[in-house]
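The values are calculated or read from the model by the stated rules, or taken from the named source; none is laboratory data. Every value quoted in this text rests on a predicted model; they were computed, and no experiment measured them. Heads up, the Cβs are rebuilt from the backbone with ideal geometry, glycines too, and the neighbour counts pull from every protein chain shown.
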Amino acid sequence: MEQNQWFKDVTFYQIWTRSFADGNGDGIGDLYGVYDKLDYIRSLGVGGIWFSPLYPSPNADYGYDISDYRDIHPDFGDLRQFQRVLDKAHRLGMRVLMDLVVNHTSDEHPWFQESRKSRNNPYSDYYIWRDKPNNWDSLFEGKAWTYDEERGQYYLHLFSKKQPDLNMDNPRVRREVREIMRFWLNMGVDGFREDVISFISKREGLPNGLPIPAVGGMMHYKDGPHIHEYLGEFRRVAEEYGAVQIGESPMTTVRSALHYLTGETKSMDMMISFDHMLADCIGTEYMHLPFSLRRYKRALTRWQYTLAGRGAWNVLYVENHDHPRIISRYGSERYWRESGTMLAVSYLFLQGTPFIYQGQEIGMTNIRLRSIDEYRDIASKQNYERFLTFESPAKRLRRVHLSSRDSARTPMQWNAGRNAGFTAGKPWFVVNPNYRYVNVEREERDRHSILQFYRRCIALRSKSRALLRGSYREFYPLHPHIFMYERVYGSAAYLIVCNFRDSETVITLPPAYRDKPLQLMLDNYPGKDGMSPVMEAYEARVYRTKR
Ligand code: GLC
Ligand code: CA
């Protein structure tokens, strides 16, 4: 009946290898380090790993600019080491997803090196070249077009100028993509997370977009004219292998996600949504606002209801390599343990497949570096530049503190020793100074730590049919501080209650739960009466009952 639906019953762990664990002392995380930590990952109760790009890359966008799709970055190891990691993960019962980045390559990829040489070589149509640029902006820096002296034309890059967009209308490019997929599937990987996949088909003629900074051209390249046809070709390869596909699609609405997830055009098993990550910002993360629980709930619930109604499946996450740390955003560093555990409850029990980003499970928080020069991420530097003309340096730096992707990219904090146990050498990037307290080793010993709490959440989830597959319903959607929802399957029901306020809040149970014996399955205030109508600051509870 349900074929190949294993992904619905597991929790994934995302590894951004460069900052995970350094196995050879050169200051850069690698697959030797990952190999040694696989038992730790498994101990969380995780059933799958998603690797951010591991391929050779000049690192203009830390791996999302690929110069060879069939190899491993020498900083990370080699194909043999990757195979060892893959096999060990499988032995431990974890599947492995690769990141497939095919909207663009690095400008150092041999295809681009060839393509720029002339207008009539075998690779000349692998990229998008024009004599005259249109008005599109890049999402990372300035215009989306850069002039290439060698070829005497402009090439399109929706991201940095070191990330030229591939011309997916060229059947040879699509064949390359299918072959890349086969290459990794033949090694044994279980599927792909597909980077900005909704951007791969551009409107014919590349018309001008709206005169809006950064996103003005998007109407002509997001969910483009041939997207479903192209993805259908890739889907057939994935299906041959029973591989899972997860699409990443910035600024996608739930309605457009349905086209990727259902019906004739179904090409993905899941789509990564961004809506719930916009509860403290507008549009993109550089326009900061105070956190609004209502925005968070509205986004989550919209995706929950709409996808369930059409038999589609959600990706659940609150952190990844593109977002600052969630405690610093939607929680409170003052109520670090309380808000960190509450935020876990807020999303881990929704319907869908949860992802946990490295360090999230120990409650890592944002960094606040003293100068923009200390930041590494191209998007963060750009956010700083963007407001150059009308904001003071201090204000712009604060903006970066709030929004930088680099906060997710500091080294994983393994222990209270030198460099947080990440490397025996000199770390490639600063370690968050809170590592003496926020680290795996200490939290392993503390029964009430964020780490132990994540384990309990995952364990509870994975042994309950209702929490895995049950229906979702939200209560009190307009409440400004409480997020309350149920998951129901047959006669089993769970009620999840989260207080997003940094002070007490009195709750009322929904009528259906008032006269039932409730069993408290999980609570982040150890030793407190989890039955009281008064919820403490950032308290979270999970009840079970019968219908
Ligand atoms: C995706 C990636 C992000 C990258 C961008 C361009 O959004 O997650 O890290 O910068 O695509 O590849
Ligand atoms: Ca290393």
Inset, instruction - For residues that are of a type in the set (D, E, K, R), outside the structural domain of LEU348 (by TED's automatic domain parsing) and not in a helix (DSSP H, G or I), scanning just region 403-462, find the one that is nearest to ligand 1 (Cβ to nearest atom). - result: ARG409
Inset, instruction - State which residue pairs qualify: first residue within 17 Å of ILE197 (Cα to Cα) and inside region 58-74, second residue within 15 Å of ligand 2 (Cβ to nearest atom) and of a type in the set (A, V, I, L, M) in any location, beta carbons under 9 Å apart, and separation of 6 or more residues or different chains. - result: GLY63/LEU54
Inset, instruction - Evaluate region 83-106: report whether one residue or more is within 16 Å of ligand 2 (Cβ to nearest atom) and in the same structural domain as PRO56 (by TED's automatic domain parsing). - result: yes
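Quick grid of which residues meet (1) under 21 Å from GLY470 (Cβ atoms); (2) assigned by TED's automatic domain parsing to the domain that holds PHE453; (3) touching a residue at least 60 places away in the same chain (Cβ under 8 Å); (4) in contact with a Leu (Cβ under 8 Å, 6 or more places away or on another chain):
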| residue | (1), (2), (3), (4) |
| --- | --- |
| SER292 | no, yes, no, no |
| THR341 | no, yes, yes, no |
| TYR357 | no, yes, yes, no |
| ILE367 | no, yes, yes, no |
| LEU388 | no, no, no, no |
Inset, instruction - Consider only pairs whose beta carbons are under 8 Å apart and that are at least six residues apart or on different chains; among these, list those whose first residue lies in region 24-52 and is more than 16 Å from ligand 2 (Cβ to nearest atom) and whose second residue is assigned to a helix (DSSP H, G or I) and of a type in the set (S, T, N, Q). - result: GLY45/SER462; GLY47/SER462
Legend entry - Single unsatisfied condition, TRP145 versus (1) over 20 Å from SER249 (Cβ atoms); (2) crowded, with 18+ Cβ neighbours inside 10 Å; (3) in contact (Cβ under 8 Å) with a residue 60 or more places away in the chain: (3)
Legend entry - Filter pass, ALA299 being farther than 21 Å from HIS481 by Cα and surrounded by fewer than 20 Cβ atoms within 10 Å (Cβ to Cβ): no
Inset, instruction - Among residues belonging to region 89-101 that are on the phi < 0 side of the Ramachandran plot and out of contact with any strand residue (DSSP E or B) (no Cβ under 6 Å at 6 or more places or on another chain), point out the one that is surrounded by the fewest Cβ atoms within 10 Å (Cβ to Cβ). - result: ARG91
Legend entry - Filter result (outside any loop (DSSP other than H, G, I, E, B), surrounded by 16 or more Cβ atoms within 10 Å (Cβ to Cβ) and among the acidic types (Asp, Glu)) within region 245-273: GLU248
Inset, instruction - With respect to ALA312, determine if the residue is closer than 27 Å to GLU233 by Cβ and at pLDDT 95 or above. - result: yes
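Quick grid of which residues meet (1) within 31 Å of the chain's Cα centre (by Cα); (2) assigned to a strand (DSSP E or B):
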position: SER503; (1), (2): yes, no
position: LYS516; (1), (2): no, no
position: SER532; (1), (2): no, no
position: ARG541; (1), (2): yes, yes
